[in-house]
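Colleague: First the structure, which I've put down as structure tokens, then a few questions once you've had a look.
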Amino acid sequence: MNKFKVNLDDLDAVVQPGVLYEELNEELMKKGLIFPLDPGPGATIGGMVGTSCSGTNAVRYGTMKENVISLEVVLADGSVVKTGQRARKSSAGYDLTHLFIGSEGTLGVVTSVTLRLHQKPEKSSVAVCSFTSLEQATKSVISILQKGVKIGKVELLDELMIKAVNQYSDTHLQELPTLFFEFSGSPVEVEEQIKMVQEITKSNSANHFQYAKNDEEKADLWKARKTALWATNTLRPGVDMMITDVCVPISRLADCILQTKEDIKRTSKLIAPIVGHVGDGNFHLFLLFDSKDEKE
């Protein structure tokens, strides 16, 4: 169940559920296309459908529900259901596609997925911007989205996660709440996005705004976000990790994160850095704990 067929002219692909999204993208990029969702290394298309996954690109491309055209599903009685055709528009019948997405296999077993594909952006760049407070960072993201700036990604790392990244990657980022942006589009669009985001973050008291001027700088700047999971272990080597997953309206994100931090400080001594996909109000808490310690 790990085969797929790309329909170049129709910008779609018929994919079996065992296909890894990285393998699909590796082939698509040869044709100038991408499947933009990126929930995490090793994710299969079937799993992504079952969980209605999101990821760092959701702020621009949406979640799995926005990128699936139709499904083939085997029900408990053995009957096969096709929830739609490859045609982009159909007003006939119930919208069964979105019923099965996110059902985690409880309604049937997905055997084939027709995915919506996108053109690979002509150019991309990244930027890093730090703030004194979480409120300033989230307020910047809200303003950016309200003004219609089509950013590709916007990620938040709190000061504790930045400390971990500096230790792990030998970087020298300010240990403050930090936003990581990715911009994509034509060269003109990317330059305009960077200019607008720089102006907005400056108006929200950003401490420092740095953007990549070439591919090497781009890789270096995004390295901090990319290595966050592994970097966390440097804060307390040899213990276990539990990752939470919370999503709230963006306007409540700062309040939720600050309350979470206060709860941890008040009830325990656990170390718990934060990473957030702030473009859609989602954040993860990386709880480090000793499973042999009953109190923890």
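The values are calculated or read from the model by the stated rules, or taken from the named source; none is laboratory data. Remember, predicted model here, so these are calculated numbers, not experimental data. So basically every Cβ, Gly included, is an ideal-geometry build from the backbone, and we count neighbours across all protein chains shown. To get the accessible areas, we keep the full protein, side chains included, count just its heavy atoms, and leave off ligands, DNA and RNA. Shrake-Rupley method; radii C 1.70, N 1.55, O 1.52, S 1.80 Å.
Colleague: Quick one: count up the residues across the range 80-108 that are open to solvent by 40 Å² or more (accessible area, probe 1.4 Å), free of Cβ contacts under 8 Å to residues at least 60 places away in the same chain and under 22 Å from Lys3 (Cα atoms).
Modeller: Residues that pass the stated criteria total 6.
Colleague: Output the residues belonging to the range 1-19 that are open to solvent by 50 Å² or more (accessible area, probe 1.4 Å) and either within 19 Å of the chain's Cα centre (by Cα) or free of Cβ contacts under 8 Å to residues at least 60 places away in the same chain (or both).
Modeller: Result: Asn2, Lys3, Phe4, Lys5, Leu8, Asp9.
Colleague: Collect the residues in the range 166-184 that are open to solvent by 10 Å² or more (accessible area, probe 1.4 Å) and either under 26 Å from Pro36 (Cα atoms) or assigned to a strand (DSSP E or B) (or both), keeping them in residue-number order.
Modeller: Selection gives Glu182 alone.
Colleague: Quick one: which residue in Ser124, Ser143 is polar (S, T, N, Q) and either part of a loop (DSSP other than H, G, I, E, B) or in contact with a strand residue (DSSP E or B) (Cβ under 9 Å, 6 or more places away or on another chain) (or both)? Spell out how you get there, then give the answer.
Modeller: On the way: Ser143 fails: either part of a loop (DSSP other than H, G, I, E, B) or in contact with a strand residue (DSSP E or B) (Cβ under 9 Å, 6 or more places away or on another chain) (or both).
Just one listed residue meets the conditions, Ser124.
Colleague: So Phe209 fits all but one of (1) surrounded by fewer than 15 Cβ atoms within 10 Å (Cβ to Cβ); (2) touching a helix residue (DSSP H, G or I) at 6+ places or on another chain (Cβ under 7 Å); (3) not in a loop (DSSP other than H, G, I, E, B); what number is the exception?
Modeller: (1)
Colleague: Of everything in the range 225-263 that's open to solvent by less than 60 Å² (accessible area, probe 1.4 Å) and part of a loop (DSSP other than H, G, I, E, B), which residue is nearest to Ala127 (Cα to Cα)?
Modeller: Thr227
Colleague: Filter the range 144-165 down to the residues that are open to solvent by 20 Å² or more (accessible area, probe 1.4 Å) and within 19 Å of Ala224 (Cα to Cα), then identify the one that is nearest to the chain's Cα centre (by Cα). Steps first, please.
Modeller: First pass over the range 144-165, keeping only residues open to solvent by 20 Å² or more (accessible area, probe 1.4 Å): 145-148, 150, 153, 159-160, 163.
Within this subset, residues satisfying the condition of being within 19 Å of Ala224 (Cα to Cα) are 153, 159-160, 163.
Numbers: Lys153: 7, Glu159: 20, Leu160: 20, Lys163: 21 Å.
Of everything passing the filter in the range 144-165, Lys153 is nearest to the chain's Cα centre (by Cα).
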